[in-house]
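Structure, as structure tokens:
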Amino acid sequence: EKGTYPYYMLKEIDEQPATMRRIISEYTDETGAVAVDQELLTSLLASDRIYIIACGTSYHAGLASKQIIEQLSQIPVEAHLSSEFGYNMPLLSQKPFFIFLSQSGETADSRQVLVKTSEMGYPSLTITNVAGSTLSREATYTMLLHAGPEIAVASTKAYTAQIAVLTVLAKAVGEAKDVLSAKSFDLPMELGIAANAMDVMINEKELISQLAIDYLSTTRNAFYIGRSEDYYVSMEAALKLKEISYIQAEGFAAGELKHGTIALVEDGTPVIGIITEAVTAPHTRGNLREVESRGAHTLVIVSEELSKEGDQIILPVVHQFLRPLVSVIPGQLIAYFATLERGYDVDKPRNLAKSVTVE
Ligand code: M6R
């Protein structure tokens, strides 16, 4: 039930901090230690590479989690699009472990990969919001997102829940392997801090709605740019924007823009930079200046510690592993408010269904 909310999407955006808190309680034991299924852990510990397979927003959650999982578990991670992987399979490692990310657990593109990798005898985990879904039943293991039903076609709380659950898993693996970065990472505490930071962003609706109106009410196209994690979040923010507001939007690696795509920037083109990482911040800022000098209308979403005068959206500081949980929220809200402003149905965009059950 959407209650007093005009749209499910807004309700689901608002539910994200509570979902983080639920994930903490579902995946910690009485002592507060992170707890996951023992057999799943044993299987992962025996693997030499993790392949994340997913589509759309779930794929973006996989990309955003790659670095976190590698740092905590010290197992290499690759994220792949399901529709590509099944028919263009790379040379696999000796002991692959497959993780299927799927909110619905019903996505046909992902299922065809699971069928193939199961036939090849490889272990698998489905991370899904729907207990008993096809991908959950057919994989070796399941972890639930505990996000509650997601009704809006545009996925929001599933994205942040997927990153959080993958972080739980990576922390458990890293602890079992005695990895220092995992042992010293207080996940329940840091995820709690991130949940509070998400609340802070969610309370910026007035500001973000005004910016969406200023930047996006009439534009034909828009860009999100960022580097590393911020690039992956840019891809997700752009997907949100295009699928519901119908603005042609692209999430771009900030440094790559000048290698061709910058030709699309004209007077007034909105370019939104996401900046949460100290080492790449000056470079992304440089890229924003490049597009500004070609007429772009730039907007900055930046972590508090890296912010400068004139930056429009300021993100509270959270643990470096958990930044995407917070930096994605302005993008979700920008898409929501731009769509409202342009007069479209936020929850039911044209040409799309909630779960895609054909290949
Ligand atoms: O249910 P799934 O997570 O497998 O769905 C994958 C995509 O179809 C889904 O994330 C889609 O991209 C969303 N509409 C994005 O908001």
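Using a simple charge model, +1 on the beta-carbon of Lys and Arg, -1 on the beta-carbon of Asp and Glu, nothing else, what dipole does the range 208-328 show about its Cα centre, in debye to the nearest 20?
Result for the range 208-328 is approximately 160 debye, rounded to the nearest 20.
If we count every other residue with Cβ under 13 angstrom of Gly273's Cβ, Lys/Arg +1 and Asp/Glu -1, where does the sum land?
Neighbourhood net charge equals -1.
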Kindly put Ser133, Ser303, Ser118 in sequence by how many other C-beta atoms sit within 10 Å of each C-beta, fewest to most.
Ser118, Ser133, Ser303
Please work out whether the range 136-292 counts as rounded, prolate or oblate from its C-alpha gyration tensor, where a ≥ b ≥ c are the square roots of the eigenvalues and a/c under 1.5 means rounded, while otherwise a/b larger than b/c means prolate and anything else oblate?
prolate
Estimated dipole of the chain in Debye, rounded to 20 [Cβ of Lys and Arg +1, of Asp and Glu -1, Cα centre]:
500
Within-12-Å neighbourhood charge of Ser93 [Cβ basis; K, R +1; D, E -1]:
0
I'd like the distance between the alpha-carbon centres of the range 270-343 and the range 191-236, rounded to an integer number of Å.
7
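Over the range 1-116, calculate the relative contact order: mean separation of alpha carbon pairs under 8 Å at least 6 apart, over the residue count, as a percent.
27
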Diffing the range 254-268: the Karplus 3J(HN,Hα) column from phi (6.51, -1.76, 1.60, θ = phi - 60°), in whole Hz with x for Gly and Pro, holds 3, x, 8, 3, 6, 8, x, 5, 4, 4, 7, 6, 10, 4, x
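How large is the convex hull of the C-alpha atoms of the range 103-148 per residue, in Å³? Could you put the intermediate results ahead of the total?
Working: hull volume 2.3 nm³, N = 46.
Spelled out: Cα convex hull of the range 103-148, divided by residues, is 50 Å³.
With the cut-off at 31 Å, tell me which of the pairs Lys11/Lys116; Lys66/Lys242; Lys171/Lys348 have Cα atoms farther apart than that.
Going by Cα-Cα distance, Lys11/Lys116; Lys171/Lys348 fall outside the 31 Å limit.
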If contacts are Cα pairs under 8 angstrom and at least 6 residues apart, what is the relative contact order of the chain in percent?
20
Residue among Thr117, Thr140, Thr218 with the largest mean-square fluctuation in a Gaussian network model of the chain, springs linking Cα atoms under 10 Å:
Thr218
Label-point separation, Met189 to Ala278 (7 Å along Cα→Cβ), nm:
2.0
Just add up the charged neighbours of Leu135: K/R +1, D/E -1, any other residue whose Cβ is under 9 Å from the Cβ of Leu135.
0
Name the long-range amide H neighbours of Ile99: under 5 Å, sequence gap of 5 or more, or other chain; modelled H, no Pro or chain starts.
Tyr51, Ile52, Ile53, Leu125
Rounded Å value of the spacing that divides the Cα centres of the range 9-27 and the range 48-73
20
Taking 8 Å as the Cα distance limit and 6 or more residues as the minimum spacing, I'd like the relative contact order of the range 76-183 as a percentage.
19
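Every number in this text was worked out from the coordinates using simple rules, so none of it is lab data. Note that this is a predicted model, so its numbers are computed, not measured. Backbone-built Cβ (ideal geometry, glycine too); neighbour counts: all protein chains shown.
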